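Novice: One structure follows; several queries about it will come next.
The values are calculated or read from the model by the stated rules, or taken from the named source; none is laboratory data. Since we're looking at a predicted model, the values are computed, not measured. Cβ atoms come from the backbone with ideal geometry, glycine included; neighbour counts cover every protein chain shown. Remember, those area values only see protein heavy atoms, side chains included, never the ligands or the DNA or RNA. Shrake-Rupley method; radii C 1.70, N 1.55, O 1.52, S 1.80 Å.
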Amino acid sequence: MQSSISLSTPQSHSSLTAIARSNYKFEPSSIAPSSNKPLNIRFCGLRREALAFSFPQPKRCELQRVAVSGRGRSKKVSASLSDNGGPPKSFDYDLVIIGAGVGGHGAALHAVEKGLKTAIIEGDVVGGTCVNRGCVPSKALLAVSGRMRELQNEHHLKALGLQVSAAGYDRQGVADHANNLASKIRNNLTNSMKALGVDILTGFGTVLGPQKVKYGKVGFTDNVITAKDIIIATGSIPFVPQGIEVDGKTVITSDHALKLEFVPDWIVIVGSGYIGLEFSDVYTALGSEVTFIEALDQLMPGFDPEIGKLAQRILINPRKIDYHTGVFATKITPAKDGKPVIIELIDAKTKEPKDTLEVDAALIATGRAPFTNGLGLENINVVTQRGFVPVDERMRVIDADGNLVPHLYCIGDANGKMMLAHAASAQGISVVEQVTGSDHVLNHLSIPAACFTHPEISMVGLTEPQAREKAEKEGFEISIAKTSFKANTKALAENEGEGLAKLIYRSDNGEILGVHIFGLHAADLIHEASNAIALGTRVQDIKFAVHAHPTLSEVLDELFKSAKVNNAHVTSPFREPVAV
């Protein structure tokens, strides 16, 4: 969902990590498509249409699933808490995972459940980006911003019959809340793996060759281990375009912003994707004025256009937020010697100078870059595509010749399929299913995404333009159904009637193509739709589901009931009713 700035300028972030794993450049020439066909990809949660890279397809002879001897579909095994599954016959481990973020953690837990002797290698701290520098601490800050908005909204409180004196906050207390939450979740992840007997190996992991990995800390002797299967799950880091000087104080990335070391009076946010939107919610609630810099001609370009338009009316226009669209920030200089942060803007199309801003701080929210350099991929003839490890639909790594690399997989941000923590975890679980004998292909169109603003935005599947393009190409008709939060009893009880739910579906057979929600607790409501897509449930079936009254879930209930399917008699068979 990120601004196209993140797709058109080279990276500069070598100072962010002790060992940089990403040294590619976002040059226009480097992302030229191999064909004229756009590739649907998701960056940081929201689907974009981009003339981007395309991974080489594996040769036909390589498409067969690698069989795993002794691990049939029907065999049930469980790992002992002490010995972490049965000992491998000829390897140190059944499975080694490089990277202990949410994706690696999910894979490790599922592997132990399947009886695999498992090790996970982590060079930083358990939890990866999401837990330590991403979705977890950001939700702590957003929880504060949500409370502040409620306390500051006199009209809202008066409608509920409440009277509250002026609200205030302690910046350090807010920062401590975010840090403490990250520490708690990090400890939970660590303890869960230890309790199940997963070996946590400290150091940076490198693939030495087929089924062989080394790990170790800088300045210390490396350790070499072997594994039947290896999963790369090294994640990503903030992407900083060329010309932007990050000092970590007045010019910052999301990594720095989550520490909330100060709240500027005026901050520029470069990129109006979900990262930028969430931080605009935090900063404006705490008293800052915000200016968005967006390379495309509209804000929030990755959202469904109708949802984006409504979100702008509620999340942007009434708040202390202004914006510049269709411009690049070609140079950003940190504040120093009493001078403010200086931002030079040019027209995104003509490249002519457009404006110069002088502000207190700048947050760079132009997307994330895969953390893949130094993995030793050259040892197995694998060449990254713009830093991403090429994989097939089963997360199997593809080498430079288009062949599958045996026993090697890559999940999460490092493969670029969908840069979401829960997508990484789902991919990891899918891989474990494969290496234990069950063929499994993850449906990425069923994976939901959310933006935790106030109100929230959530989505799954295709946007309306994407669905119409698909329909035109494949020769079917689509229909749109909508429901408003203003018709929902629970939303009205909360005095939170602003919101919309939108269903995109095939009118001929009821297939759900996409669902988009803007409103109270949208991030929680989306899962009924995502599960329906994952399970292949059609509109004419799900409309018979029963929802508790009065609840927000009835927004989805009314949405599905309002859909009209031409061949409604074509339904999935129901299970036999159970008498009670």
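Novice: If r is the Cβ-Cβ distance from K217 to N567 and R0 is 60 Å, what FRET efficiency results, to the nearest 0.05?
Specialist: The calculated FRET efficiency here is 0.45.
Novice: So what's the Cα pair-distance distribution over region 450-557, bin width 5 Å, in %?
Specialist: Going from the shortest bin to the longest, the percentages are 2, 13, 23, 23, 19, 11, 6, 2, 0.
Novice: Right, here's the next one. Straight-line reach from K259: which aspartates and glutamates have Cα under 13 Å away, leaving out those fewer than 8 places along the same chain?
Specialist: The qualifying aspartates and glutamates are D176.
Novice: Starting from the Cα gyration tensor of region 278-432, take the square roots of the eigenvalues, sort them a ≥ b ≥ c, and report rounded, prolate or oblate (rounded when a/c is under 1.5, otherwise prolate if a/b is larger than b/c, else oblate).
Specialist: The shape class here is prolate.
Novice: Still on this structure, please answer the following. Cα to Cα, under 20 Å, and not fewer than 8 places away if on the same chain: which lysines meet these conditions relative to K351?
Specialist: K25, K331
Novice: Rounded to a whole number, what % of the accessible area of region 270-387 do carbon and sulfur atoms account for, probe 1.4 Å?
Specialist: 47 percent
Novice: Within a Cβ distance under 12 Å of N488, other residues only, what is the Lys/Arg minus Asp/Glu net charge?
Specialist: Here the charged neighbours net out to -4.
Novice: Filter the cross-link list K139/K320; K158/K490; K139/K217; K490/K561; K139/K249; K486/K564 down to pairs whose alpha-carbon distance in this structure exceeds 27 Å.
Specialist: The pairs that break the limit, which is 27 Å between Cα atoms, are K139/K217.
Novice: Compute the FRET efficiency between A159 and I200 as 1/(1 + (r/R0)^6), taking r as their Cβ-Cβ distance and R0 = 56 Å, and round to the nearest 0.05.
Specialist: 0.60
Novice: Continuing with this model, one more query. Per residue, what accessible area does region 408-482 have, given a 1.4 Å probe and all protein chains present, in Å²?
Specialist: 32 Å²
Novice: Please enumerate, by chain and number, the lysines with C-alpha under 19 Å from the C-alpha of K117, excluding those fewer than 8 residues away in the same chain.
Specialist: Within the straight-line cut-off, K117 pairs with K75, K76, K89, K194, K212, K214, K228.
Novice: Taking the Cα centre as origin and putting +1 on Lys and Arg beta-carbons and -1 on Asp and Glu beta-carbons, what dipole magnitude results for region 351-498, to the nearest 20 debye?
Specialist: Dipole magnitude for region 351-498 comes out near 160 debye.
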